[in-house]
1. For the stretch A:195-215: of the residues being surrounded by fewer than 18 Cβ atoms within 10 Å (Cβ to Cβ) and within 14 Å of another protein chain (Cβ to nearest Cβ), which is nearest to A:Pro257 (Cα to Cα)?
2. Could you check B:Ile241 against (1) more than 11 Å from chain A (Cβ to nearest Cβ); (2) under 29 Å from B:Gly182 (Cα atoms); (3) crowded, with 24+ Cβ neighbours inside 10 Å; (4) modelled with pLDDT under 95 and say which number it fails?
3. Looking at the stretch B:278-310 only, could you name the residues that are within 14 Å of chain A (Cβ to nearest Cβ) and either modelled with pLDDT of 80 or more or surrounded by fewer than 16 Cβ atoms within 10 Å (Cβ to Cβ) (or both)?
4. Every residue in the stretch B:106-138 that is part of a loop (DSSP other than H, G, I, E, B), among the small types (Gly, Ala, Ser) and closer than 30 Å to A:Thr140 by Cα, please.
5. For residues that are touching a strand residue (DSSP E or B) at 6+ places or on another chain (Cβ under 9 Å) and within 15 Å of A:Ser118 (Cα to Cα), scanning just the stretch B:134-158, find the one that is farthest from the other protein chains (Cβ to nearest Cβ).
6. If you go through the stretch A:147-166 one residue at a time, do you hit one that is in contact (Cβ under 8 Å) with a residue 12 or more places away in the chain, within 11 Å of chain B (Cβ to nearest Cβ) and either in a strand (DSSP E or B) or within 23 Å of the chain's Cα centre (by Cα) (or both)?
7. Determine which single condition B:Phe103 fails, assuming it passes every other condition in (1) within 14 Å of another protein chain (Cβ to nearest Cβ); (2) assigned to a helix (DSSP H, G or I); (3) farther than 30 Å from B:Leu6 by Cα; (4) modelled with pLDDT of 90 or more.
8. Hey, can you tell me all the residues within the stretch A:116-163 that are among the aromatic types (Phe, Trp, Tyr) and more than 21 Å from A:Thr360 (Cβ to Cβ)?
Amino acid sequence: MPHPILTRRTALAATAGLLAAPGILRAQPAAVKLGILQPVTGALSQDGELGRLGATLAIDAINAAGGIKSLGGAKIEMVFADARSNPEAATQEVERLQGDGVVAIVGGFASPICLAASQAASRYDLPYVVDVGVADSIVTRGLTNTFRFAPGFGAFTSVAISNLAKLNEAAGKPIKTVVLVHEDGLFGAGLAKLMNAELPKIGLEVLETIPHPTPSRDMSNVALRIRALNPDLVIPSSYYNEFVLLARTMQQQRIRPKGVYAVLNGAASNYRFVKEFPEAADLVMDCNHWFHPTKPLALAVKKQVEAAGKFMAYNVPLNYSCVGLVADAIERAGSADRAKVLAAIASSTFAGHIMPYNETKFVGGQNQGAQPVNLQVQNKDIKVIFPAAFADAKPVFPVPA
Amino acid sequence: MSPRGLMPMLILLAALALVPAFGSNTSINFLVSALIVALAAQGWNLLGGFCGQFSFGHAAFFGTGAYVDAVLQARYGVNAWAASAVAIAAGAGVGWLIGFLSFRAGLRGSYFALITLAFAEVLRISANAAPITGGATGLLLKLDARAANFQFASRGVFCLIALTCVALVLALSVWIARGRLGAQFAAVRENEDAARALGIDVLATKLRAISLSAAVTAAAGCLYTQYFLYLDANIAYGSWISVEALLAVIVGGISTPAGPIFGALALHALGEVTRLIARGVTGIDLVLFGLILIAAIAFAPTGLAGLASRLRRALG
């Protein structure tokens, strides 16, 4: 009598099916690897750590919100690389990240690192999103893999000068004379040259240009020279330590010009300076990167950063936003395929960032929506005073005597 | 060095030549970085090892090679190969000039070391300020991977070129070490006054050593430029290359033709290994690197080459 016999083969198949079923049901989509390149050892380690913090917070937030939905909730996995504050190490790390199969790289911080790393990544058509690096050459080399979310040097100088003109105009032109103080390296020298050419066009006279080396341990001579020249405005372009020294020396010597207007200054928009030397920092203005001062997400990130015992420097929101930009591109591409992600970044209109930028739009790798903002230290806090659409305070200018 | 003594080196070079064919891009990139330092170290060894004139400022030659190569291409549109040739000559010229100024003034030992350091710093600061070098923003070469541009789509080809340079300089070093020039170098190194008494023109010998040394180090600078396509004053004239060149020689074995190559490869490998071991804590790999370096110098003061010959003696 023919019985429905359970053959060994059927049993095996059934068992295999049963064993596999939960696997199919619960299968976690493979994580998407994202390379984060920051200099966390060497001279730039302070900035590198802040950049890493921003990227970590962004990745945690994206994963907590369910990962990449178009990839079935795939998580983003950070593959961290230390650029060691020099371009060779950065290049070596890009090779490693390539070997690890990352879908894109975010970071770099310093211009030389960004230049070398993005070029190394371009060999593999690996998308590279620059977090800070302001050198204009980063996006003028014709590399199709390189994107910069933040504004470059050219944008900074033109915005800084036009905002200074507006500021002066609105206050009834109290400023007529300027002294430029600059460090003799990367930003300083180039910026001073541009300022010397541009300031006379907006009716300001440059009394003197005073260079100083980095590091400098004493700024008394510079301060005394400023006192002798007695300018209406001082425009310093220096790194953190030198500007802090200058501001403190000027405070001690009671040198009070009608304004201190910095561009891309290492200290003027740094909470550490404001906290440690509130009087020296008071009412100093800067034109720099900054987070969106009124967006709730930006303020929530700031709270997280402060809860971690760190200061909300611009590296954090920039890296947070750049990671968001890449995640958004992967989401829209619906794939971890580099070419598709690259195309998705190039056509991005990402708005989930925490920077005071207009709509994201890349032209030749540069985000056209990006803009520098003007900041001023007011009441032991750093406030955005320009552009008006994002400002959370009115400028105090000229500084009351 | 006997032909048999060179065998391990030749085997090593042949083995390295296989890396581009079978290795991953990461390993090729690692090898290129190590070979560039090896070449700079070979240059240092010609002056410091063979002729006994310790320099702390080989960055002056490395940077001159790198900058001349880059400036000629970026500003004047000169062909990359021609620019490299000019750059090597310019490096030799700077070497001769620095040598002429300091040796003629009778600077020896630590005084010579300090003056070379000063020259490198002067060049660094000048390059940081001069418009022709792009100042502090640096100089960027256009990525256009064609053999005519001394740029290659495959890292392997570049690796083979670097390896060829190192092998050529190795041959040159062996030839010098065995020849009359090497004997003159050694005489000047061991006792200048005695060398002079023997009728050796000490100044001319030292100038030959420093020009040769500078040319080789400038060639390393050219390779750097062609590989990374970006330069700024701190890369080209920064003290890192002076230190790496010197360390590679000291670790590898001073005044032996093969020492710099062993040293550079060993140091770079050590750097990578400590990095792999210590992934978790930032900077701990550098601490480990430093500790191993101290141990190496304490227990193998004659370098790896010396250690190898001591082991050989001990074993048989």
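The values are calculated or read from the model by the stated rules, or taken from the named source; none is laboratory data. Quantities reported herein were computed from a predicted structural model and do not represent experimental measurements. All Cβ positions, even for glycine, are placed from backbone atoms using ideal geometry, and neighbour counts span all protein chains on display.
1. Per the stated criteria, the residue is A:Thr209.
2. Of everything listed in (1) more than 11 Å from chain A (Cβ to nearest Cβ); (2) under 29 Å from B:Gly182 (Cα atoms); (3) crowded, with 24+ Cβ neighbours inside 10 Å; (4) modelled with pLDDT under 95, B:Ile241 misses just condition (1).
3. Passing the criteria: B:Arg279, B:Gly280, B:Val281, B:Gly283, B:Ile284, B:Val287, B:Gly290.
4. Within the stretch B:106-138, B:Ala130, B:Gly134, B:Gly138 qualify.
5. It comes out as B:Leu141.
6. Within the stretch A:147-166 (the criterion being in contact (Cβ under 8 Å) with a residue 12 or more places away in the chain, within 11 Å of chain B (Cβ to nearest Cβ) and either in a strand (DSSP E or B) or within 23 Å of the chain's Cα centre (by Cα) (or both)), the answer is yes, since at least one residue qualifies.
7. Going through the list (1) within 14 Å of another protein chain (Cβ to nearest Cβ); (2) assigned to a helix (DSSP H, G or I); (3) farther than 30 Å from B:Leu6 by Cα; (4) modelled with pLDDT of 90 or more, B:Phe103 breaks only (1).
8. A:Tyr124
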